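These notes concern the structure reproduced below.
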Amino acid sequence: MSETIRVLVCDDQMLIRTGLRTVIDAQPDMEVVGECGNGEDAVDLCARLKPDVVVMDVRMPVLDGIEATRSLAGVGVAEPTKVLVVTTFNLDEYVYEALRAGASGFLLKDAPPAQLLYGIRTVSTGAALLDPEVTRQLVGTYAARVRPSVRVRDDLPLTPRELEVLRLIAEGLSNREIASALTLSPETIKTFVSRILTKLNLRDRVQAVVYAYRQGLVA
C-alpha cells in the first residue's frame, strides 16, 4: 500500500459522495481516486484504479453493495480489495450479509468525520473495524439464520484457550477487555488472535466473529 491511502467512494446519493470526498481529500494521508453511484461501477473502477479502500454504500441500484463487495473481497478473489461498508441503520441485515461477503468493517452514515477517517485508516492496514456493541447486536441477531447446526464442533484446530478467546471475540469484546477477563496482557491476547486467524485461515476479526457463530460456538 502506498503512503497515501487511495479511496474509492461508492454511494448512490451525490450529496453524500460530495461530503465524503470533501472530508477525505482534506486529509494529508488520503485521496479520493474515484467515485460512483452503483456497485457495478465500483467493481469496474476498482479494476482500473486499484484503490486501497472502498467506502461502500449497501443499498444501490444496478448492483447493490453486498454483491459488489462479494466481487471485490469475497471468497476466491485473488487480490481482494478492502471494503468499508456504510449504512443508515446499525441493525441492518444487509450489513451482516456484507460482512459475510468479505467487507472489513462498517460504519453508520451519521458517524462523525473523525470516526470515518479512523475507519478508513484502520481498514487500510488490514485490520477489521467492527464496534464491539454492534457486534453483539448485529451478528447475534442474524447469525442464527446461517448457522448450519447448533451442535458445537469438537474438531476445531484450536487449543482450549484459543477457543475461549474466540468465543470472547464473538461476544464483542476488544483485546483489552478479553485480557482483563482472562487476566492476561493485551499483547498475549493479540498473539492468541493472530494464531486463531492463521489456524482457521481467516482474514480478520470480522471473519472470526462470523465463523464462531456459524460453528455454534456462541449462542
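The values are calculated or read from the model by the stated rules, or taken from the named source; none is laboratory data. Note that this is a predicted model, so its numbers are computed, not measured. So basically every Cβ, Gly included, is an ideal-geometry build from the backbone, and we count neighbours across all protein chains shown.
Got a number for residues in region 186-203 being part of a helix (DSSP H, G or I) and free of Cβ contacts under 8 Å to residues at least 24 places away in the same chain?
The qualifying residues number 8.
Every residue in region 162-183 that is in contact with a helix residue (DSSP H, G or I) (Cβ under 8 Å, 6 or more places away or on another chain) and surrounded by fewer than 17 Cβ atoms within 10 Å (Cβ to Cβ), please.
Across region 162-183, the qualifying residues are Glu164, Arg167, Ser174, Arg176, Glu177, Ala181, Leu182.
Would you pick out the residues in region 21-40 that are outside any helix (DSSP H, G or I), touching a residue at least 60 places away in the same chain (Cβ under 8 Å) and crowded, with 17+ Cβ neighbours inside 10 Å? Please lay out each step first, then the result.
Step one: filter region 21-40 for residues outside any helix (DSSP H, G or I), giving 26-38.
In the following step, the residues that additionally are touching a residue at least 60 places away in the same chain (Cβ under 8 Å) were identified as 27, 29-30.
Once the filter is applied, which keeps residues that are outside any helix (DSSP H, G or I), touching a residue at least 60 places away in the same chain (Cβ under 8 Å) and crowded, with 17+ Cβ neighbours inside 10 Å, region 21-40 yields only Met30.
Of all residues in region 88-131, which are modelled with pLDDT under 75 and over 26 Å from Gln27 (Cβ atoms)?
Across region 88-131, the qualifying residues are Phe89, Leu91, Asp92, Glu93, Tyr94, Tyr96.
Give Val139, Val150 a once-over and let me know the one that is in a helix (DSSP H, G or I), modelled with pLDDT under 65 and of a type in the set (A, V, I, L, M).
Val139
Considering each residue of region 1-19, count those that are among the aliphatic types (A, V, I, L, M) and modelled with pLDDT of 95 or more, and give that number.
Final tally of qualifying residues: 4.
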